[in-house]
1. Which listed residue (V171, L142, V81) has the Cα farthest towards the positive end of the charge dipole for the chain, taking +1 on Lys and Arg C-beta and -1 on Asp and Glu C-beta about the Cα centre?
2. Give the cysteines in the chain for which no other Cys Cβ lies under 4.7 Å away, or write none if there are none.
3. Could you give the size of the charge dipole of the range 1-78 about its Cα centre, using +1 on the Cβ of each K and R and -1 on the Cβ of each D and E, expressed in debye and rounded to the nearest 20?
4. Using 7 Å Cα-to-Cβ label points, what is the K170/T107 separation (nm, one decimal)?
5. I need the calculated FRET efficiency for the pair D122 and K28, taking r as the beta carbon distance and R₀ as 22 Å, to the nearest 0.05.
6. Build a GNM of the chain with springs between Cα atoms under 10 Å: which of M37, M116, M21 gets the top mean-square fluctuation?
7. Counting Lys and Arg as +1 and Asp and Glu as -1, each charge on the Cβ, what is the dipole of the chain about the Cα centre in debye, to the nearest 20?
8. How large is the translational diffusion coefficient of the chain in µm² per second when you combine the Kirkwood radius over alpha carbon pairs with Stokes-Einstein at 10 °C and 1.306 mPa s?
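Values in this text are rule-based calculations from the coordinates and carry no lab data. Since we're looking at a predicted model, the values are computed, not measured. Cβ sites come from the backbone with ideal geometry, for glycine too, and all protein chains shown count toward neighbours.
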Amino acid sequence: MKIIMIFDQIQSGLGTKDDTMVPLTGKKDPIGPAVMMEPFLKEVGGHVIASLCCGNGTYLADPDEVSRKFCAMVKKLNPDVVICGPAFNYADYAAMCARVAADINSTTDVKAFAAMSEENADTIREYKDKVAIVKTPKKGGLGLNDALKNMCSLAKALADGSSTEELEQKVCFR
């Protein structure tokens, strides 16, 4: 199972909360939370083929264009699944994750979902009926390993074409 991860500048390690204008870029290696996910990905036969990212400010300056470019990169790389996040409690990053995942699902043949914490209530309310959003703790909160396992389980089910309804009831915002 080939996976692409989408991060902001903080989770990708390419900037701080003040480095918001990091341009859209990518690496063919797992970075950030993707490294922590590797043991769980092995359990489901998955590996990260690319990590894509951009700064929050870059996204907010032109969400349509950034999402279009992420979708084009996904089409070119042709993974089985795209995981947008985990965004934890970062509001701008959560909004990017939900929007990009929804756009990937509607403009490509690739399946995508987002992951974030409950602190992003507005984004969750806006997107929970458009895209699966896996529950995560806020940054530094308890339960990260469980959230990463749940993200990998959902990725596997989507890649296999299995029904995800029961799993989404357990691990996603509804």
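1. The residue sitting farthest along the positive end of the dipole is V81.
2. C53, C54, C71, C152, C172, each lacking another Cys Cβ under 4.7 Å.
3. Values: 9 positive and 9 negative charges, 78 e Å.
So the magnitude is around 380 debye.
4. The answer from the label model is 3.4 nm.
5. Working: r = 34 Å, r/R0 = 1.54.
With a Förster radius of 22 Å, E is 0.05.
6. Answer for the Gaussian network model of the chain: M21.
7. Details: 21 positive and 23 negative charges, 61 e Å.
Around 300 debye, computed over the chain.
8. Details: Rh = 15.4 Å.
Answer from the Stokes-Einstein relation: 103 µm²/s.
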